[in-house]
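The values are calculated or read from the model by the stated rules, or taken from the named source; none is laboratory data. Fair warning: this is a prediction, and the values are worked out from it, not measured in the lab. All Cβ positions, even for glycine, are placed from backbone atoms using ideal geometry, and neighbour counts span all protein chains on display. Side chains included, ligands, DNA and RNA excluded: accessible areas come from the protein's heavy atoms. Shrake-Rupley method; radii C 1.70, N 1.55, O 1.52, S 1.80 Å.
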Amino acid sequence: MHVTQVPNASIEFVAIINSFNRRDLLQQAVTSLTAGLRAGHFPSAIVVFEAGSNDGSKEFLESWREQNPRDNLSVIRSTTDHGSFSEGVNSACAAALARFPQCQWLFFYETDNWLGSTEPLVHAISLLEAQRELAAVGFTVRRHDGTLCGYGTRFPSFTSFALGLNLSTLWNLDRPNGSIWQTTGDIRWRTCDVVFTSPLLIRRKAWEQTDGFDAKSFPFSDSDVDWAWRCAEWGWKMAVIESDAVVHDNLQQTSAWSANRVIEFHRSRLRLLKQHRGNRAVLLKPLLFLRHCAETILLAYRASSDRSAKEKLAKRRQMLRTVWTDYS
């Protein structure tokens, strides 16, 4: 059977996926994404950054590419062992823009995402075309069981970081801010300081103007928050669209860097606050030390009967030692 390929020059929409050792999730993500793109009736492509998986992910991608050539799926392989998330996204975007010179929209889509229809994609493109001040558009997301997930946050403050995630969540210090919900056509949306990259449709102009993710400073955690903050400094805004057709759910399949997530988060968040709110962030270190002390005491009490508490306790002890050196 003859398969008609879409000319590269006509493709304006490219999905970007970062893949590392989550084959089952990857298969679900690619299956739903390609179904949505095919139904969208607009020229599109997919670029996957493969960070060195050894669980069959690479073989699955190659098989999909060969069996479904009209999906225009290509794979970019890491040149280093297990490249960081930010490096992968930057590399995939650079490859996409070089291969598809007319690309206007970069769709950041992760292996734990799932699309129920093409409607979110169509709405996101329409909103970006109508609202020229928007750098990117995300979506209200849910888990497969229907439970709502977080879609964004306000720019972090000294207070929220000092108190920690639990108290900040309890007191709504990180609750998304921005405009009230509004309607454009049949799209209900609002602005928000930071909309997470899971998934997120980005305007090419904004991506190029900000030089993408800062992979050196934020290889994993807070890469999206830093990018949103830099977009705001350039005068761009972020938006989120209300949707019940977008899923963000890892089905309890953690990523390879999850083991160091808490330390990586604290290291990146302190660096983020230094860069965007000034060097006064170093004055938080005594408060952070006291919080880690309290967390260590609580976890030590639970560790005798809770295995997960033992693992968390080891990380808190490490943070007690390294908080004074920016968690290095």
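The rows are residues; the columns are (1) touching a residue at least 12 places away in the same chain (Cβ under 8 Å); (2) among the small types (Gly, Ala, Ser).
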site: Ser168; (1), (2): no, yes
site: Trp189; (1), (2): yes, no
site: Asp193; (1), (2): yes, no
site: Arg204; (1), (2): yes, no
site: Gly212; (1), (2): yes, yes
site: Cys231; (1), (2): yes, no
site: Trp236; (1), (2): yes, no
site: Val240; (1), (2): yes, no
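Does Val14 count as buried (at least 21 other Cβ atoms within 10 Å of the Cβ), under 21 Å from the mean Cα position of the chain (by Cα) and among the β-branched types (Val, Ile, Thr)?
Here the answer is yes, as Val14 does meet what is asked.
Just checking, which of Lys310, Lys274 is in contact with a Leu (Cβ under 9 Å, 6 or more places away or on another chain) and either within 28 Å of Gly150 (Cα to Cα) or modelled with pLDDT under 95 (or both)?
Lys310
The conditions are (1) in contact (Cβ under 8 Å) with a residue 12 or more places away in the chain; (2) open to solvent by less than 60 Å² (accessible area, probe 1.4 Å); (3) closer than 29 Å to Val141 by Cβ, and Ser308 fails exactly one of them. Which is it?
Ser308 satisfies every listed condition except (1).
What is the residue count in the range 174-207 for residues that are in contact with a Leu (Cβ under 7 Å, 6 or more places away or on another chain) and either within 10 Å of Ala239 (Cα to Cα) or not polar (S, T, N, Q) (or both)?
Count: 7.
Do you know which residues across the range 77-101 are out of contact with any Phe, Trp or Tyr (no Cβ under 9 Å at 6 or more places or on another chain) and under 16 Å from Asp211 (Cβ atoms)?
Ala94, Ala96, Ala98
Condition first: modelled with pLDDT of 95 or more and touching a strand residue (DSSP E or B) at 6+ places or on another chain (Cβ under 8 Å). Now tell me which residues in the range 20-42 satisfy that.
Correct list: Leu26, Gln28, Ala29, Val30, Ser32, Leu33, Thr34, Ala35, Gly36, Leu37.
Please determine, by comparing only the residues of the range 69-82 that are assigned to a loop (DSSP other than H, G, I, E, B) and open to solvent by 40 Å² or more (accessible area, probe 1.4 Å), which one is nearest to Asp224 (Cα to Cα).
If we take residues in the range 69-82 being assigned to a loop (DSSP other than H, G, I, E, B) and open to solvent by 40 Å² or more (accessible area, probe 1.4 Å), then His82 is nearest to Asp224 (Cα to Cα).
If you take the residues in the range 117-149 that are among the small types (Gly, Ala, Ser) and surrounded by fewer than 23 Cβ atoms within 10 Å (Cβ to Cβ), which one is farthest from the chain's Cα centre (by Cα)?
Filtering first and then ranking leaves Ala130.
Within the range 275-305, count every residue that is among the hydrophobic types (A, V, I, L, M, F, W, C), open to solvent by 70 Å² or more (accessible area, probe 1.4 Å) and under 27 Å from Asp214 (Cα atoms).
Here the count works out to 1.
Conditions tested, residue by residue: (1) at negative phi; (2) out of contact with any helix residue (DSSP H, G or I) (no Cβ under 7 Å at 6 or more places or on another chain); (3) of a type in the set (D, E, K, R).
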position: Glu12; (1), (2), (3): yes, yes, yes
position: Ala15; (1), (2), (3): yes, no, no
position: Leu33; (1), (2), (3): yes, yes, no
position: Ile46; (1), (2), (3): yes, no, no
position: Asn54; (1), (2), (3): yes, yes, no
position: Ser57; (1), (2), (3): yes, no, no
position: Phe60; (1), (2), (3): yes, no, no
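If Gly36 passes every condition in (1) of a type outside the set (Asp, Glu); (2) closer than 28 Å to Phe265 by Cβ; (3) surrounded by 16 or more Cβ atoms within 10 Å (Cβ to Cβ) but one, which one does it miss?
(2)
For the range 47-64, how many residues meet the condition of being open to solvent by 50 Å² or more (accessible area, probe 1.4 Å) and within 16 Å of Ala92 (Cα to Cα)?
Going through the range 47-64 one residue at a time, the tally reaches 1.
If you take the residues in the range 169-195 that are surrounded by fewer than 23 Cβ atoms within 10 Å (Cβ to Cβ) and of a type in the set (A, V, I, L, M, F, W, C), which one is nearest to Leu127 (Cα to Cα)?
Residue satisfying both the conditions and the ranking: Ile187.
Filter the range 157-176 down to residues that are closer than 16 Å to His276 by Cβ and polar (S, T, N, Q), then give me how many there are.
Number of matching residues: 3.
Go through the residues of the range 150-162 one by one and say whether even a single one is part of a loop (DSSP other than H, G, I, E, B), modelled with pLDDT under 95, surrounded by fewer than 20 Cβ atoms within 10 Å (Cβ to Cβ) and within 21 Å of the chain's Cα centre (by Cα).
Yes, there is a match, as at least one residue in the range 150-162 is part of a loop (DSSP other than H, G, I, E, B), modelled with pLDDT under 95, surrounded by fewer than 20 Cβ atoms within 10 Å (Cβ to Cβ) and within 21 Å of the chain's Cα centre (by Cα).
Of everything in the range 83-116 that's of a type in the set (Ser, Thr, Tyr) and not in a helix (DSSP H, G or I), which residue is surrounded by the fewest Cβ atoms within 10 Å (Cβ to Cβ)?
Ser84
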